[in-house]
Amino acid sequence: MESKEHIFLLLVLLATLLPVVAWRKLENRPGARTMVIAIAALVIMTSLGMEGAGAVISMGVKTALLSKQV
Amino acid sequence: MTSHTEPNSTLIPARADPDHLGVATLSFGLSFAVTGLLDALLVVAKEISEDSLLTAMKAATGHHWVTHGVISIALFLILGLLFQRLGIGRTMTANGLTVTIAGSMILSSSIIVGFYLLY
């Protein structure tokens, strides 16, 4: 949980960087296009990773509560 | 020495910025790489020194998370503007900067996750 919270800060900075890179027209700048795609992919993968970590945490809570009942 | 100008940008020598990313992209991209690593180290530092650093961060804004966020964003902006002013990173290529950003993200995440796994 703590890891998720702290990695989120990196995500905020990455999301702030994205419009800086994409600010001017991209059609004549293939390098900038690649960067925009790469940063967007990093944002998506990090978000999905955080969702997965959240799923692991909630499964762990459920398992602990169920075993407590038994 | 040939040079080129682009709308709304400062004069940049042709040998710098080979992929025409722009000064802001280069500066703030590099700033993210540095800020990400410092952010991870700040996480480790504040968890290790709870009595001093964490307490000081709590006292600064009322909650250590707010202080941490303010420090991260401020550092990102200040370093970005500083690199832009000093011309640091101007010769980087798009691929080089992309790898630097991705590498910083992976390393910072690894430091944070690794620390909480071991701590």
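The values are calculated or read from the model by the stated rules, or taken from the named source; none is laboratory data. Computed from a predicted structure; not experimentally measured. Positions of Cβ are backbone-derived with ideal geometry, glycine not excepted, and every protein chain shown enters the neighbour counts. Just so you know, the surface numbers come from the protein's heavy atoms only, side chains and all, with ligands and any DNA or RNA stripped out. Shrake-Rupley method; radii C 1.70, N 1.55, O 1.52, S 1.80 Å.
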- [ ] Of all residues in the range B:19-66, count the ones that are polar (S, T, N, Q), closer than 19 Å to B:PHE115 by Cβ and open to solvent by 10 Å² or more (accessible area, probe 1.4 Å).
- [x] 2
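Taking into account only those residues within the range B:11-53 that are outside any helix (DSSP H, G or I) and under 22 Å from the mean Cα position of the chain (by Cα), which is modelled with the lowest pLDDT?
The qualifying residue modelled with the lowest pLDDT is B:ALA16.
May I ask you to say which residue of A:THR16, A:THR63 is part of a helix (DSSP H, G or I) and under 30 Å from B:ASP17 (Cα atoms)?
A:THR16
Against the condition over 18 Å from B:MET92 (Cβ atoms) and either at the interface with chain B (Cβ under 7 Å from one of its Cβ atoms) or without any contact (Cβ under 8 Å) to a residue 12 or more places away in the chain (or both), how does A:LEU10 come out, does it pass?
Values: over 18 Å from B:MET92 (Cβ atoms): yes; either at the interface with chain B (Cβ under 7 Å from one of its Cβ atoms) or without any contact (Cβ under 8 Å) to a residue 12 or more places away in the chain (or both): yes.
Answer is yes for this residue.
Considering only the range A:17-38, state which residues are under 18 Å from B:MET105 (Cα atoms) and more than 7 Å from every other protein chain (Cβ to nearest Cβ). Lay out the reasoning, then the answer.
Going residue by residue through the range A:17-38, those that are under 18 Å from B:MET105 (Cα atoms) are A:17-21, A:34-38.
A:LEU18, A:PRO19, A:VAL36, A:ILE37, listed by residue number.
Residues A:GLU51, A:GLU2: which one is open to solvent by 40 Å² or more (accessible area, probe 1.4 Å) and facing chain B (nearest Cβ under 7 Å)? I'd like the intermediate steps shown before the answer.
On the way: A:GLU51 fails: facing chain B (nearest Cβ under 7 Å).
So the residue among A:GLU51, A:GLU2 that is open to solvent by 40 Å² or more (accessible area, probe 1.4 Å) and facing chain B (nearest Cβ under 7 Å) is A:GLU2.
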Open item on the list: Take the conditions assigned to a helix (DSSP H, G or I), under 12 Å from A:LEU9 (Cβ atoms) and modelled with pLDDT of 90 or more and apply them to B:GLY103. Does it pass?
Closed with: no
TODO: Residue by residue through the range B:83-95, note down the ones that are assigned to a helix (DSSP H, G or I) and more than 10 Å from every other protein chain (Cβ to nearest Cβ).
DONE: B:PHE83, B:GLN84, B:ARG85, B:LEU86
TODO: Sort through A:LEU26, A:LEU11, A:LEU66 and tell me the only one that's over 23 Å from the mean Cα position of the chain (by Cα) and open to solvent by less than 60 Å² (accessible area, probe 1.4 Å).
DONE: A:LEU26
- [ ] Could you pull out the residue among B:ALA40, B:ALA60, B:ALA74, B:ALA94 that is small (Gly, Ala, Ser) and out of contact with any Ser or Thr (no Cβ under 8 Å at 6 or more places or on another chain)?
- [x] B:ALA74
